[in-house]
Amino acid sequence: MIKLEKKQVKIISVLIALVFIGSVVALALTQSGGIASAASSSSVGVVDRDEIMTQHPQSASFDEQMRTAISEVQKDFEEKSAGMNDQEKQDYYRQCQQRLQQKQAELLDPIVKSVDEAIKQTAEAKGLSVVIEKAVVVYGGQDITQDVIKKLGK
């Protein structure tokens, strides 16, 4: 076995430490370079779904149909619950709420599907790999809300 002097052991230890630190720094630089290049090309989109839904071409029709459904259910409830006791009224009220929820889902489903499809098409056209709700993004991302609204307006 080779016998090393204390001075030689110290030099070898320092060299090993320097190589280790250098490799950690190099790794950190390559990783941060990858993040910087991904951020500069911004493959993440953000979208405000609430704004899109309120500006959707079918939004006014949805609102009108829901107002009509609500007034019909209210009228129906008032007529049928007149002779009911409190428990029967509560049960019938829950049934009326369920009918309204089903009507809302029935009317909203095609709107939501068209919004999702417009978001997907806009993201693909812009080369975005991910689209996130704008409300959860603190910083960054390409806002495609207006582009989606324009696509839906066509």
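Which ³J(HN,Hα) values, rounded to whole Hz and listed in residue order, are derived for the stretch 120-132 from phi using the Karplus coefficients 6.51, -1.76 and 1.60 in 6.51 cos²θ - 1.76 cosθ + 1.60 with θ = phi - 60°, glycine and proline given as x?
Computed from phi, the couplings for the stretch 120-132 are 4, 5, 5, 4, 5, 5, 8, x, 8, 8, 9, 10, 10 Hz.
Which net charge results for the neighbourhood of residue 46, defined as the other residues with beta-carbon distances under 9 angstrom from its beta-carbon, given Lys and Arg at +1 and Asp and Glu at -1?
With Lys, Arg at +1 and Asp, Glu at -1, the neighbours total -2.
List the residues whose amide H sits under 5 Å from the amide H of residue 143, counting only those 5 or more places along or on another chain, with H placed 1.01 Å from N in the peptide plane.
46
Averaging over all projection directions, find the projected area of the Cα convex hull of the stretch 60-154 and quote it in nm² with one decimal place.
If you wrap the Cα atoms of the stretch 60-154 in a convex hull and average its projections, you get 8.7 nm².
How many angstrom separate the Cα center of the stretch 105-134 from the Cα center of the stretch 53-92?
29 Å
Sum up the charges of everything whose Cβ sits under 14 Å from the Cβ of residue 102, counting Lys and Arg as +1 and Asp and Glu as -1, but leave residue 102 out.
Charge balance near residue 102 sits at 0.
Amide H neighbours of residue 131 under 5 Å, at least 5 residues apart or on other chains, H built in the peptide plane: list them.
Sorted by chain and number, the residues that satisfy this are 45.
Along the stretch 75-87, what does the Karplus equation 6.51 cos²θ - 1.76 cosθ + 1.60 (θ = phi - 60°) give for ³J(HN,Hα), rounded to whole Hz, x for Gly and Pro?
4, 4, 5, 4, 5, 7, 8, 4, x, 8, 7, 4, 5
Rule-based calculations on the coordinates, nothing more; no lab input. What you see is a predicted model, and the numbers here were worked out from it, not measured in a lab. Please note: Cβ atoms are built from the backbone with ideal geometry, for glycine as well, and neighbour counts cover all protein chains shown.
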